[in-house]
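Notes for the one structure printed next.
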Amino acid sequence: MPYISVSRTNSPYSNLAAEEYLTENVDSPTMFLWVNSPSVIMGKFQNVYRECNLEYMRSKGILPVRRTTGGGAVYHDLGNLNYSFIIPNSEYDVDRQNKVISEALAVFGIEPLFGGRNDLEIRGRKAGGAAYFKGAKNSLHHGTLLISLDLSEAERALTPNKLKLAAKGVDSVRRRIINLSDLNPDITTEKLIDALIRSFGSGYGVSREVHYNEKALAEKAAKFSSDEYVYGLNPPFDVTLEGRLSAGTVALSLSVKRGVIEDCLLTGDFLDDSLPERIKSVVLNRKYTDLNDIFSDSETLSEFARLTESDAGRA
C-alpha cells in the first residue's frame, strides 16, 4: 500500500532529513510534500560561494542548504511547494510520476510541459524543476512547484558577489520563471497539496501515513545543517580577494578544498617582504567561511591590520 506524508515543519534541514529517511526505508510508492522557510537549495555538486550571495542571505536569515541530488541552485520560501516521489526501483517511472503533477495542475486549468533541463514549463516559462537519485532500494524524483515565490528575493539570494571564482562545480542555469498563481489566482499551497494527494491516490491507490524514527530524523537533520555538509562538500576552487590594507593595495589568492584554505598567495604594492608569510600563517588551514568577507568584515580585517602594522611602506 502506498504512503503519503505532508511535512509539518518548514525547516529545510528537517525536510531533507525526512526525504532521505523515506528514500532509505519505505517499501511502497511514496509521495512526500513539503514547504521550506527562505533558503537556497544547492545541487550536490555545486559551489556554495558561487551560487549564493551569502552576505545578503545572512542579513535576511536565508539558509544555505545542500541536497543529495545534482542540478542547479533554487530559492525556496513559503510560496514554493516541494514534492518527492520515492518509488521502489522496480516501479520507478518518471512519466507516471509526472502524470500525478499534471492531473493535479489540471484541476486549476494549468497544462504543464516537462522538458528542457528537467524543467516544468508553462507557456514557455519555468514554473518548477526536478532532480533525480537512484538508491539501492528506491529511486527519488523530487522537484518544486512555484506557487507564489518571491521572485525578487530569489534573484538577490541567487546572485553571488563578484568573486573571481574558477570553480569546478556545476553552474546553475538561470531561466525566466513564472508563478502558478499568475496563471490562476485561486491556486494556493493548501489547494495544490489536496489536488496532489487526490491525483496520487488515483494513480497509485489508497495510501497510508508514514511513521518516522524520530532519532534517525534528528541525526539526519544535524548532518544536513552542518558546515561540513553545506560547505565541506564544495568542489575545489580558487578565489582572489582584493582590497586595501594599511600596507597597501593587495590581492589574496586562495586555493580551497572541502571548505578549508590549503594554499594562499599575497600580491600587491606593499614593501614588507615578510608580509606574505605572516598572512599565510593566519590563513592556511582555516575555513573559507571565516575569511570570505575579509575586506568588508571589520573583525577579520582588524586581524589582518595587526599583521601589517609594522609595514612602514605604503602605496
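The values are calculated or read from the model by the stated rules, or taken from the named source; none is laboratory data. Since we're looking at a predicted model, the values are computed, not measured. All Cβ positions, glycine included, derive from the backbone under ideal geometry; neighbour counts span all protein chains shown.
Brief remarks on what is shown
- Meets criteria (part of a loop (DSSP other than H, G, I, E, B), among the acidic types (D, E) and free of Cβ contacts under 8 Å to residues at least 24 places away in the same chain) for D273: yes
- If the condition is being β-branched (V, I, T) and either assigned to a loop (DSSP other than H, G, I, E, B) or not assigned by TED's automatic domain parsing to the domain that holds N118 (or both), then the stretch 172-211 contributes V173, I178, I187, T188, V206, V210.
Each row is one residue, and each column tells you yes or no for (1) touching a helix residue (DSSP H, G or I) at 6+ places or on another chain (Cβ under 7 Å); (2) at pLDDT 95 or above.
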position: R174; (1), (2): no, no
position: P185; (1), (2): no, yes
position: T189; (1), (2): no, yes
position: I193; (1), (2): no, yes
position: F200; (1), (2): yes, yes
position: V210; (1), (2): yes, no
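- A216 being exposed (fewer than 14 other Cβ atoms within 10 Å of the Cβ) and in a helix (DSSP H, G or I): no
- The set of residues in the stretch 88-126 that are modelled with pLDDT of 95 or more, over 21 Å from P2 (Cβ atoms) and in contact with a helix residue (DSSP H, G or I) (Cβ under 6 Å, 6 or more places away or on another chain) contains only I110.
- Screening the candidates R244, R208 for the property of being under 30 Å from P29 (Cα atoms) and loosely packed, with under 14 Cβ neighbours inside 10 Å yields one hit, R208.
- F45, sole failed condition from (1) more than 22 Å from Y229 (Cβ to Cβ); (2) outside any helix (DSSP H, G or I); (3) of a type outside the set (S, T, Y): (1)
- Once the stretch 247-280 is narrowed to residues that are within 30 Å of S226 (Cβ to Cβ) and among the small types (G, A, S), the residue that is surrounded by the most Cβ atoms within 10 Å (Cβ to Cβ) is G259.
- When we screen L105, L78 for residues that are assigned to a loop (DSSP other than H, G, I, E, B), touching a residue at least 24 places away in the same chain (Cβ under 8 Å) and not small (G, A, S), the only hit is L78.
- If the condition is being of a type in the set (A, V, I, L, M, F, W, C), under 25 Å from V260 (Cα atoms) and out of contact with any helix residue (DSSP H, G or I) (no Cβ under 6 Å at 6 or more places or on another chain), then the stretch 25-62 contributes I41, F45, V48, C52, L54.
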